[in-house]
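Only the coordinates and a few stated rules stand behind these numbers; no lab work does. Treat the numbers as computed from the prediction; the structure is a model and nothing was measured. As a convention, Cβ positions derive from the backbone with ideal geometry for all residues, glycine included, and neighbour counts pool all protein chains shown.
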Amino acid sequence: METVKKAVLFCDKINEWIGSVIVTSAVFIFILVIFSNVILRYVFNTSFVFMAELEWHVFAFIFLMGAGYTLLHEGHVRVDIFYSIMDRKKQALINLFGVLFLLIPSCYVVLTTTIPWVIVAYQIGEVSINPGGIPARFLLKATLPIGYFLMLIQGLLLGARSFFIILGKPLEDE
């Protein structure tokens, strides 16, 4: 039990660090890129394909890398009308069901389909099809399986927490 608790806390710390340091830094970069694009467009009457592509690349990075962090902090969408009035064991049962029958299968499908896709993109050195676009597009593609892996890990932790709550032995002190 103590080993499971330590493993859960260690993995939580990983997603916490990624969300609070990496994703927060990416949000700052995202704001700077958008601000720069606005200044270039409306003050200097110009734009660059690289900057436009960088906007959606950084946005995708934020979304994908922040998914596990969001799950850690229970920020994903739920039907809270019902969930919020349930006792802790019923909430844990719904969480466990969601992890086992929705999150794990969807992460499995995304991981098994995107990893080969990323490998091919890396092997061919995929770049933007637009002149002046972002080189090394395979790096953005690599965030897809990484983000889903982080969400899968956090989902497995949520499932473990839920399982122990159902058993009446929560991993965290109440």
Task: Relative contact order [Cα under 8 Å, 6+ residues apart], segment 2-166, whole percent - done: 33 percent
Task: Under the Debye formula (equal points on every Cα, no solvent term), log10 I(q)/I(0) of segment 1-145 at q = 0.11 Å⁻¹ - done: -0.61
Open item on the list: Please report the spacing between the Cα centers of segment 109-140 and segment 27-42 in Å, no decimals.
Closed with: 25 Å
Open item on the list: If packing is taken as the average count of other Cβ atoms within 10 Å, what order do 117-127, 144-154 fall into, highest mean first?
Closed with: 144-154, 117-127
Task: Sum of -39500 (n - 2.57) over DSSP H runs of 4+, divided by residues of the chain (222 nm, nearest 500) - done: -23000 deg cm²/dmol
